[in-house]
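Please read the structure below before turning to the comments.
None of the figures in this text is laboratory data; all of them are computed from the coordinates on show. Please read these numbers as outputs of a predicted model, since none were measured by experiment. FYI the Cβ positions are ideal-geometry reconstructions off the backbone, even for glycines, and counts take in every protein chain you see.
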């Protein structure tokens, strides 16, 4: 599994209705893209959940890198045509779990944690995977992944409803559109 996210920071006075319209009219175009496990068209709104910015920040779970490649060299051109070429963050999947909630995700959190320098990466990731699942019954799915360029662990959690408490240090997103064409084909549990 490969996890990617690009985040386009928008001006403080940007009309987020423009992004909402974009997602409503164009968001389904890649819903059935080959090898796509999950995509979430996420946004941050200035002032909501402490966000200092407005941002458009889709993220994707890819079952196979061939799908990611085809997306970046194909439909991604619509993003670059409208917003320029944003950096695309990439994490290597470490684990994936389904939660108890089966409805459409409407909320997401991203937690980024530096892996300790004095602990081998495999041990640090294994310790993370022993941590309890998110609290409550409103979480849809969670991916844990590692960015080996930064030795940073990422937790992406999708929720069908706003969690009672956003995890400390997490970045919170509203999800405008989600699709899960190959979700059932994503391997569950530890991925190595």
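Looking at the chain, what % of the alpha carbon pairs are farther apart than 24 Å? Summing the P(r) tail past 24 Å for the chain gives 37 percent. The residues 6, 41, 49, when put in order of fewest to most other Cβ atoms within 10 Å, stand as 49, 6, 41.
Between residue 12 and residue 104, the FRET efficiency from the beta-carbon distance, with R0 = 35 Å, is close to 0.75.
Using the Cβ-Cβ distance between residue 26 and residue 137 with R0 set to 22 Å, the FRET efficiency works out to roughly 0.10. Look at the alpha carbon pairs under 8 Å that are at least 6 residues apart: their mean separation over the length of segment 84-144 gives a relative contact order of 64 percent. Computed from the alpha carbon positions, the gyration tensor of segment 131-175 leads to an equivalent ellipsoid with semi-axes of 21, 11, 10 Å, biggest first.
Every pair of different Cα atoms in segment 8-86 enters the Kirkwood calculation, which places the hydrodynamic radius at 13.6 Å.
Each residue, residue 147 and residue 69, gets one label point 7 Å from its Cα in the Cβ direction; the gap between the two is 2.4 nm. Potential lengthening of the chain between residue 187 and residue 161 amounts to 6.9 nm, from the contour at 0.36 nm per residue minus the alpha-carbon distance.
Based on C-alpha pairs under 8 angstrom that are at least 6 apart in sequence, segment 2-186 has a relative contact order of 31 percent.
Net length available on complete extension from residue 130 to residue 78 is 14.8 nm, with 0.36 nm assigned per residue and the Cα-Cα distance removed. Shape summary: segment 33-146 maps onto an equivalent ellipsoid whose semi-axes, from the alpha-carbon gyration tensor, are 25, 19, 17 Å in decreasing order.
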